[in-house]
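Participant: Got a structure here, written out as structure tokens. Questions coming.
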Amino acid sequence: MLNERGVNPLPNIASQIKRVRTNKKSTLANNSQTSAMRTAIKKFNAAVAEGAENAEELLRAAHKAIDGAASKGLIHKNKASRDKSRLAAKLSK
């Protein structure tokens, strides 16, 4: 398993080999949660554009997804606050 430079990219130290494994797991979990957050925001934006009745429900779902991402450190808490504020402003228009 050599990379393009002919070097084995895996570490030799046992703890670092384990760390590579856990990093892969956490990356998958982080990507999944980030994707879920983006999907919730897109669903809300689509509902607002259509003038759907369930926009408030989708806003709550988007806020929950944003808060979850912020609590896990996937996005900064100020970005979470800014995003939530912008979504609420879209609903009130």
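The values are calculated or read from the model by the stated rules, or taken from the named source; none is laboratory data. On a predicted model such as this, the values are computed, not experimentally measured, just so you know. All Cβ positions, even for glycine, are placed from backbone atoms using ideal geometry, and neighbour counts span all protein chains on display. To get the accessible areas, we keep the full protein, side chains included, count just its heavy atoms, and leave off ligands, DNA and RNA. Shrake-Rupley method; radii C 1.70, N 1.55, O 1.52, S 1.80 Å.
Participant: Taking Cα atoms, how many degrees apart are the long axis of helix 77-92 and the longest axis of the chain, rounded to 10 and kept between 0 and 90?
Facilitator: Around 30 degrees separate the two axes.
Participant: Considering Cα pairs under 8 angstrom that are at least six residues apart, work out the relative contact order of the chain and quote it in whole percent.
Facilitator: 21
Participant: Pull out a ≥ b ≥ c, the square roots of the eigenvalues of the alpha-carbon gyration tensor of the chain, then state rounded if a/c is under 1.5, prolate if not and a/b is larger than b/c, and oblate in the remaining case.
Facilitator: prolate
Participant: Also, I was wondering about something else. Give me the number: length gained by fully extending LYS79 to ASP67, i.e. 0.36 nm times residue separation minus the C-alpha to C-alpha distance, one decimal in nm. Don't skip to the answer; put the middle values down first.
Facilitator: Numbers: separation 12, 0.36 × 12 = 4.32 nm, distance 1.03 nm.
Value of the extension gain: 3.3 nm.
Participant: Follow-up. Of all accessible surface on the chain at a 1.4 Å probe, what whole percent is carbon and sulfur? Intermediate results must be reported in sequence, preceding the final value.
Facilitator: Working: 3700 of 7140 Å².
Reported share for carbon and sulfur atoms: 52 percent.
Participant: Students often check this: by mean Cβ neighbours within 10 Å, which of 19-27, 55-63, 42-50, 71-79 ranks highest, and how do the rest follow?
Facilitator: Numbers: 19-27: 10.2, 55-63: 17.4, 42-50: 15.0, 71-79: 12.3.
Those peptides, ordered most packed to least, come out 55-63, 42-50, 71-79, 19-27.
Participant: Can you classify the range 40-93 as rounded, prolate or oblate using the Cα gyration tensor, where a ≥ b ≥ c are the square roots of its eigenvalues, rounded means a/c under 1.5, and otherwise it's prolate if a/b beats b/c and oblate if not?
Facilitator: Values: a/c = 2.82, a/b = 1.95, b/c = 1.44.
It comes out prolate by the Cα gyration axes.
Participant: Using alpha carbons only, how many degrees (0 to 90, rounded to 10) separate the axis of helix 14-50 from the longest principal axis of the chain?
Facilitator: Roughly 20 degrees, rounded to the nearest 10.
Participant: Right, another one. Which pairs break 24 Å Cα to Cα here: LYS43/LYS72; LYS25/LYS90; LYS18/LYS64? List each step's numbers first, then the result.
Facilitator: Numbers: LYS43/LYS72 22 Å; LYS25/LYS90 36 Å; LYS18/LYS64 32 Å.
Those over the limit are LYS25/LYS90; LYS18/LYS64.
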